[in-house]
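Working notes, beginning with the structure itself.
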């Protein structure tokens, strides 16, 4: 993931400071993402995806496709994400407890995600998307095809 941010930034002749200004972040965070010390929260990742017209799947190395024809430039909606997470879980015959165990979290955390009270953590989304071959752009409501 992190080399993608570096590559995108460098290919657009931007400094870390300039990218931070574009997404409303800070240079230290950009450096940490590029050096794999942290992953960006989904809202910052979405700002990058929207600004550079790339998919979240590409940004997080889940696909080599830079952008999907049906991708939307939009803000992340917790309700949409919660509904899609719940739909995904049921399609894969996962109980809330089983998904929670896979993600090493609590069933109440999964319930909070599914009800739209809390936004699904980026790290959990990456785990889900990798294991179950689901699009992060779909999961976060940026496209309608799975």
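The numbered conditions (1) at pLDDT 95 or above; (2) surrounded by fewer than 19 Cβ atoms within 10 Å (Cβ to Cβ) are all true for residue 72 except (1).
Taking region 88-97 as the search range and keeping residues that are out of contact with any helix residue (DSSP H, G or I) (no Cβ under 6 Å at 6 or more places or on another chain) and surrounded by 14 or more Cβ atoms within 10 Å (Cβ to Cβ), which one is farthest from residue 144 (Cα to Cα)? By that ranking, first place goes to 94. Just one of the numbered conditions (1) assigned to a loop (DSSP other than H, G, I, E, B); (2) under 14 Å from the mean Cα position of the chain (by Cα); (3) more than 20 Å from residue 47 (Cβ to Cβ) is not true of residue 145; which one? For residue 145, the failing item is (2). Do the conditions hold for residue 118, that is, is it modelled with pLDDT of 95 or more, part of a loop (DSSP other than H, G, I, E, B), outside the structural domain of residue 6 (by TED's automatic domain parsing) and out of contact with any strand residue (DSSP E or B) (no Cβ under 8 Å at 6 or more places or on another chain)? Here the answer is yes, as residue 118 does meet what is asked. In region 6-42, the qualifying residues are those that are exposed (fewer than 13 other Cβ atoms within 10 Å of the Cβ) and in a loop (DSSP other than H, G, I, E, B), and the one that is modelled with the lowest pLDDT is 36. Name the residues in region 43-60 that are assigned to a helix (DSSP H, G or I) and free of Cβ contacts under 8 Å to residues at least 24 places away in the same chain, would you? Listed by number, the list holds a single entry, 44.
The values are calculated or read from the model by the stated rules, or taken from the named source; none is laboratory data. Note that this is a predicted model, so its numbers are computed, not measured. Glycine also receives a Cβ, built like all others from the backbone with ideal geometry; neighbour counts cover every protein chain displayed.
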